[in-house]
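The values are calculated or read from the model by the stated rules, or taken from the named source; none is laboratory data. Computed from a predicted model, the values in this text were never measured in an experiment. For neighbour counting, all protein chains shown are included, and Cβ atoms are generated from backbone atoms with ideal geometry for every residue, glycine included. The accessibility values were calculated without ligands, DNA or RNA, using every heavy atom of the protein model including side chains. Shrake-Rupley method; radii C 1.70, N 1.55, O 1.52, S 1.80 Å.
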Amino acid sequence: MFRKVLIANRGEIALRVISACRELGVRTVAVYSEADRNSLHVRFADEAICIGPPRSADSYLNVPAVISAAEIADVDAIHPGYGLLSENANFAEVCRASNIKFIGPPPEVTRMMGEKSTARQTMKKAKVPILPGSDGIIKGKDEALSWAKSVGYPVILKAVAGGGGKGMRICRSADELPQLFDQASTEAMNSFGNGDLYMEKFIERPRHIEFQVLADEHGNVMSLGERECSIQRRHQKLIEESPSLQVTPKMREEIGKTIKKSLQDIGYQNAGTIEFLMDEDGKLYFIEMNTRIQVEHPVTELVTGVDLVKAQLRIASGEKLSDIIPEPITMRGHAIECRINAEHPEKFTPSAGKITVFNVPGGNGVRVDTAQYAEGVVPPYYDSMIAKLIVHGKDRDEAMARMHRALGMFVVQGIHTTIPLHSKIFEDEEFQRGDFDTKFMERFFERQAAGKS
Ligand code: MV4
């Protein structure tokens, strides 16, 4: 195991990694921006180094500053958390060149998966089901029109460098395609510095279902079941759960086998998530892969009993999956996570400021991952998520009841949060039935507005 690890992140995930390191007897080094001097990740790490001004671009995303801190603190490895540098292949390459172990997959794999059309082709070769679409990058509007004709409208144009819905356009007829092609390409160029597009058949009301995987450095891959992530707004997830009511044990086993083989082919290592869309007929199609630990990893931890962050550290230090997880995975009960954001619940605009009251719920089956506290400050520079409330129950009904009572006991004052919104979602019948898709929040807000008038 490593002697000392630098955590190149902030907030709850930095604390989550510190917790895993402590349990493994590994020393920790925090890095922080000038806005995060009083943050808990700084307080709980064994050492802390300031790496620059508040804005992420000047601190947490500053590769030379992070690497210098790692050299000065003399660490063996860097854990990138999620976001920030976690899927930056160049950063992983600099780590390698500096003889520091990057806790994640090799840069070659990250780079390949970051190029969405290449990831699609790679998964297709490995027999993972994909949607009908273009073979790689579309060279121009004429090629786009001929692909769309062969696939059939509606189609969706996506940025190969994409993520978070940027550079994406739904196209319902040949008439509107040329204009949407230009819009998508320009937006992709402005957001990612790469205007290349690919195309897929568009699914009208998809569910977003993702599979958690772990892969060691000896060619062993394991699937840890799925998470249902359809409850989102503007590409920001609000609620995640595991297992998905729509995934049967047979589908879970089949997809598990297929992705295991595909990731062995690729030479994948460490933790990863494979995202699928589920169509109205319940069929799953690969859309992209995330080569990092994800925000919603705790729901998988609660149903499988596997500590995913400790597994990441043990894998990166060369251990075999069969030593880390000796028994076959069994999924126990049901887990749900709410992402609590510092936002106006209706306007969804960030709400930075000082927290005056912070009462965290606890009790049976409740877990809270947060780096916030009373008198703590939510800076305006970063992501607005201030806590994750995660519950586990014997079944979905028990988990929902537990979440609803825990939300009622989660008191945050001084800033606005999404806690009241989350409470209302758990009172919604469509949510309670578990029969929803990625358009759920739109319907929910319509119901809310209708109910109030
Ligand atoms: C799609 C789709 C429908 N059909 N692809 C949005 C973000 C990006 N990662 C993939 N996205 C979508 N891809 C096809 N072929 C609908 C979406 C989509 C979506 C997907 C997952 C969760 C929320 C979403 C909200 C809007 C659109």
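So what J values fall out for the stretch 181-193 if you push phi through Karplus, 6.51 cos²θ - 1.76 cosθ + 1.60 with θ = phi - 60°, rounded to Hz, Gly and Pro as x?
The phi angles translate into 4, 4, 4, 4, 5, 5, 4, 5, 4, 5, 7, 10, x Hz.
Run the numbers for ARG55 and VAL357: contour at 0.36 nm per residue of separation, minus the present Cα-Cα distance, in nm. Display every interim value, and only then the final one.
Details: separation 302, 0.36 × 302 = 108.72 nm, distance 2.65 nm.
Full extension of this stretch gives 106.1 nm more.
Using the Cα atoms of the stretch 45-120, I'd like the radius of gyration and the largest Cα-Cα distance, Dmax, both in angstrom.
Rg, Dmax (Cα atoms, Å): 13.1, 42.
Once you compute Rg and the Kirkwood Rh from C-alpha atoms, what is the Rg to Rh ratio for the stretch 330-426? Intermediate values should be presented prior to the final figure.
Values: Rg = 13.6 Å, Rh = 13.7 Å.
Over the Cα atoms of the stretch 330-426, Rg/Rh equals 0.99.
Computing the accessible area with a 1.4 Å probe over protein heavy atoms, can you report the carbon and sulfur percentage for the chain? Don't skip to the answer; put the middle values down first.
Values: 9250 of 18690 Å².
In the chain, the share of accessible area belonging to carbon and sulfur is 49 percent.
Helix-derived [θ] at 222 nm for the chain: sum -39500 (n - 2.57) over DSSP H runs of at least 4, divide by residue count, nearest 500? Kindly include the intermediate steps, with their values, before the conclusion.
Values: 16 runs with 162 residues, N = 453.
Mean residue ellipticity at 222 nm (helix-derived): -10500 deg cm²/dmol.
Taking the Cα atoms of the stretch 71-182, what is the range of coordinates along each of the three principal axes, in descending order and whole Å?
Principal-axis extents of the stretch 71-182 (Cα, largest first): 59, 30, 20 Å.
Stretch GLU23-ASN90 to full length: gain in nm at 0.36 nm per residue minus the Cα-Cα span?
Working: separation 67, 0.36 × 67 = 24.12 nm, distance 3.01 nm.
So the chain would gain 21.1 nm between GLU23 and ASN90.
Principal axes first, then extents: for the Cα atoms of the stretch 148-261, list largest minus smallest coordinate on each axis, whole Å, largest first.
45, 32, 31
Write out the trypsin sites (Lys or Arg not before Pro) in the stretch 337-406 meeting two conditions: DSSP loop, and at most 10 other Cβ atoms within 10 Å of their Cβ. Walk me through the intermediate numbers first.
Details: sites: ARG339, LYS347, LYS354, ARG367, LYS388, LYS394, ARG396, ARG402, ARG405; in loops: LYS347, LYS394.
Of the trypsin sites (Lys or Arg not before Pro), the ones in loops of the stretch 337-406 whose Cβ has at most 10 other Cβ atoms within 10 Å are LYS347.
Each residue of the stretch 400-409 in order: what ³J(HN,Hα) in whole Hz does its phi give by Karplus 6.51 cos²θ - 1.76 cosθ + 1.60, θ = phi - 60°, with x for Gly and Pro?
5, 4, 5, 4, 5, 5, 5, 4, x, 9
Tell me, in nm to one decimal, what length is gained between LYS250 and ASN190 on full extension, where the rule is 0.36 nm per residue of separation less the Cα-Cα distance?
Values: separation 60, 0.36 × 60 = 21.60 nm, distance 4.30 nm.
Value of the extension gain: 17.3 nm.
Which listed residue (SER262, HIS344, TYR198) has the Cα farthest towards the positive end of the charge dipole for the chain, taking +1 on Lys and Arg C-beta and -1 on Asp and Glu C-beta about the Cα centre?
Towards the positive end, the residue furthest out is HIS344.
Counting pairs of Cα atoms in the stretch 210-285, how many percent are more than 19 Å apart?
Pairs farther apart than 19 Å: 37 percent.
In square angstrom, what is the accessible area per residue of the chain with a 1.4 angstrom probe?
Solvent-accessible surface per residue comes out at 41 Å².
Suppose every Lys and Arg Cβ carries +1 and every Asp and Glu Cβ carries -1, with no other charges. What dipole size does the chain come out with about its Cα centre, to the nearest 20 debye?
Working: 57 positive and 62 negative charges, 28 e Å.
Result for the chain is approximately 140 debye, rounded to the nearest 20.
Percent of Cα-Cα pairs per 10 Å bin, from 0 to the last occupied bin, for the chain, please list those.
Values per bin, smallest distances first: 4, 20, 30, 29, 14, 2, 0.
Regarding the stretch 1-86, what is the average projected area of its C-alpha convex hull, in nm²?
Details: hull surface 18.6 nm².
Mean projected area of the Cα convex hull: 4.6 nm².
If you average the alpha carbon positions of the stretch 320-345 and of the stretch 143-177, how far apart do those two centres end up, in angstrom?
34 Å
Would any residue of the stretch 277-319 have its amide N under 19 Å from a label point 7 Å out along Cα→Cβ of GLU108? List them or say none.
What the label zone holds, given the 19 Å backbone N cut-off, is 291-292, 316, 318.
So for the pair GLU375, GLU446, with labels modelled 7 Å out along Cα→Cβ, what separation do we get in nm?
Reported label-point gap for GLU375 and GLU446 is 4.9 nm.
Along the stretch 151-156, what does the Karplus equation 6.51 cos²θ - 1.76 cosθ + 1.60 (θ = phi - 60°) give for ³J(HN,Hα), rounded to whole Hz, x for Gly and Pro?
Each residue of the stretch 151-156 in turn: 7, x, 6, x, 10, 10 Hz.
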